[in-house]
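Everything below concerns the one structure shown next.
The values are calculated or read from the model by the stated rules, or taken from the named source; none is laboratory data. Note that this is a predicted model, so its numbers are computed, not measured. With ideal geometry, Cβ positions are generated from the backbone for all residues, glycine too; neighbour counts draw on all protein chains shown. Ligands, DNA and RNA are stripped out before the accessible areas are found, and what is left, the full protein with its side chains, is counted by its heavy atoms. Shrake-Rupley method; radii C 1.70, N 1.55, O 1.52, S 1.80 Å.
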Amino acid sequence: MNSKKVTFILVLFSALFLSLVVYLTGIELYYKDEYASSNLNQRSLAREENSLRGTIYDKNGETLAYSKMEGDVQKRYYPHISLYSHVIGYSSKTYGKSMLEKRYNADLLGDNGVSAVFNLKNMLSGEMNEGNSLTLTIDHRVQKRINDMMGRYNGAAVAIDPKTGAILAMVSKPDFNPNDTYLKKSWQSLTDSDDAPFLSRAVMGLYPPGSTYKMLTASLIYENGLEGTEVEDEGRITIDGKEFTNTKQKAYGKTSLEDAFRVSSNVYFASVGSQIGTAKHRNLAERFWFNKPLEFDLPYSKSKYQSGSMEEVELAAASIGQGKTLVTPLQLAMMTAAIANDGVMMKPYLVQEIKAPGGFITKNTRPAELSHAVDVETARAVKELMVDAVNNGTGTNARIWGIDVGGKTGTAENERTNEDSEATHALFVSFAPADDPQIAVAVILEYAGNTGGSIAAPIAREAMRTYLKK
């Protein structure tokens, strides 16, 4: 065999070996948890037969999910039925796992770290292993209050601690009963439903932010020294052939930034925002984590801000939260929390603590900064606008007696609006107390046909009031 053939064979086998290494590394880095929790993984199923799955609690010790033996069969129970179907998800021998049940499967089975060592004696004695428990950042009282207030509406609401990033509530509707008996009866109808009840809208739904985005446009106006700009608001304005109008085409006359934010003038924000260049718009959006991936406990869709150069009309649309801008409810809550937290966006998280059967804490999440979105002065100026909007403007339905609340309403056009002008999304974002924010809330109600101030603001108000009663 000549040297060329030998070289060729060596190169070929080296390439094949390298490909195998890359493939296996990719599985370890990106697909390990998915394969481990798959209902097709026989090793995982066998391991579950010998492990009592761990309990999941809210931040105050309320039981949200637990397992118990009934004869020789282990059953998983969700005592609050559908309330946490889009946070905890389900664990089923038939349909696999979703959400936190999937993400923390190994922990819940006691199959890693300290818990694996603790369970070694059980394996040797033939006794059943015990899984780790999870303590979430969720406040069950707030979760339930939001869920009750949303009623018949589809959409999502997220509450977050602005100072830490801890998720206090995360509701998505429509929801479903994750208990296995119900899943078996209803799986086909759930998967066939046009309402997509398995979609966690809070983290994966993408919506135009509407006028809630004026928080960011106002920040941009301050950053560029344009806060003194006044606009003659006649209720409508035409930019590059496209007309932008206020709600009910209401005219406000000579309008300042403060006036415009209070009444949510589209004319003002489209006019001033369109005069600021593309690069500055996009830079600000990305500081608020648009177009960026997020490490989070649940699957997550990236919020989107338009790429490429933008014409004046596109900048006008983006300035009022329309056009190609899309945001998840979680992202909207993060944006609001960043403004409340003097411009610092904290990394969101759902799992506060993981505890092994022996009481040893294997994980305790520490707050981490994600981005310095705007400087302190800009954030505080926008906070003042948001407090004024609740006290004297479109957000009065979010007022709480004795507590200063900041907020911003939104009514967003969407893919259905051209056919039905009433099929708008209703949005509201808020935080409280204004001088020491402890909770920020974002609410989106799909195709609600009403304003965010009318129907979304009361939901946010009740979430804040419930939490602040702690």
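What are the residue pairs meeting all of these: first residue in the range 134-159, first residue at positive phi, second residue assigned to a loop (DSSP other than H, G, I, E, B) and of a type outside the set (A, V, I, L, M, F, W, C), Cβ atoms under 7 Å, and 6 or more apart or on different chains?
Listed pairs, sorted by first residue: 155/446.
What number goes with the only condition from (1) among the hydrophobic types (A, V, I, L, M, F, W, C); (2) open to solvent by 10 Å² or more (accessible area, probe 1.4 Å); (3) closer than 26 Å to residue 217 by Cβ; (4) at pLDDT 95 or above that residue 460 does not pass?
Tallying (1) among the hydrophobic types (A, V, I, L, M, F, W, C); (2) open to solvent by 10 Å² or more (accessible area, probe 1.4 Å); (3) closer than 26 Å to residue 217 by Cβ; (4) at pLDDT 95 or above, residue 460 fails exactly one: (2).
A quick yes/no check of all residues on (1) closer than 15 Å to residue 155 by Cβ; (2) more than 21 Å from the chain's Cα centre (by Cα):
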site: 385; (1), (2): no, yes
site: 405; (1), (2): no, yes
site: 410; (1), (2): yes, no
site: 420; (1), (2): no, yes
site: 423; (1), (2): yes, yes
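Which of the residues that make up the range 210-268 are out of contact with any strand residue (DSSP E or B) (no Cβ under 9 Å at 6 or more places or on another chain), of a type outside the set (A, V, I, L, M), touching a residue at least 24 places away in the same chain (Cβ under 8 Å) and under 21 Å from residue 426 (Cβ atoms)?
Within the range 210-268, 217, 262 qualify.
Identify the residue in the range 133-185 that is acidic (Asp, Glu) and either under 16 Å from the mean Cα position of the chain (by Cα) or under 30 Å from residue 51 (Cβ atoms) (or both) and, among all such residues, is least open to solvent (accessible area, probe 1.4 Å). Don't jump to the end; show me each part of the working.
Taking the range 133-185 first, the residues acidic (Asp, Glu) are 139, 148, 161, 175, 180.
If we keep only those that are either under 16 Å from the mean Cα position of the chain (by Cα) or under 30 Å from residue 51 (Cβ atoms) (or both) too, we end up with 139, 161, 175, 180.
Working: 139: 4, 161: 29, 175: 41, 180: 42 Å².
Filtering first and then ranking leaves 139.
Of the residues 330, 385, 315, only one is in contact with a Pro (Cβ under 8 Å, 6 or more places away or on another chain) and assigned to a helix (DSSP H, G or I); which? Before you say what the answer is, go through the steps one by one.
Details: 385 fails: in contact with a Pro (Cβ under 8 Å, 6 or more places away or on another chain); 315 fails: in contact with a Pro (Cβ under 8 Å, 6 or more places away or on another chain).
Being in contact with a Pro (Cβ under 8 Å, 6 or more places away or on another chain) and assigned to a helix (DSSP H, G or I) holds for just one of 330, 385, 315, which is 330.
Would you mind finding the one in 290, 244 that is out of contact with any Asp or Glu (no Cβ under 9 Å at 6 or more places or on another chain) and either among the β-branched types (Val, Ile, Thr) or more than 30 Å from residue 166 (Cβ to Cβ) (or both)?
Details: 290 fails: either among the β-branched types (Val, Ile, Thr) or more than 30 Å from residue 166 (Cβ to Cβ) (or both).
Result: 244 is the single residue among 290, 244 that is out of contact with any Asp or Glu (no Cβ under 9 Å at 6 or more places or on another chain) and either among the β-branched types (Val, Ile, Thr) or more than 30 Å from residue 166 (Cβ to Cβ) (or both).
When you look at residue 371, is it polar (S, T, N, Q), over 19 Å from residue 211 (Cβ atoms) and either open to solvent by 40 Å² or more (accessible area, probe 1.4 Å) or not in a loop (DSSP other than H, G, I, E, B) (or both), yes or no? Even if it seems obvious, please write down each step before you answer.
Values: polar (S, T, N, Q): yes; over 19 Å from residue 211 (Cβ atoms): yes; either open to solvent by 40 Å² or more (accessible area, probe 1.4 Å) or not in a loop (DSSP other than H, G, I, E, B) (or both): yes.
It is true that residue 371 is polar (S, T, N, Q), over 19 Å from residue 211 (Cβ atoms) and either open to solvent by 40 Å² or more (accessible area, probe 1.4 Å) or not in a loop (DSSP other than H, G, I, E, B) (or both).
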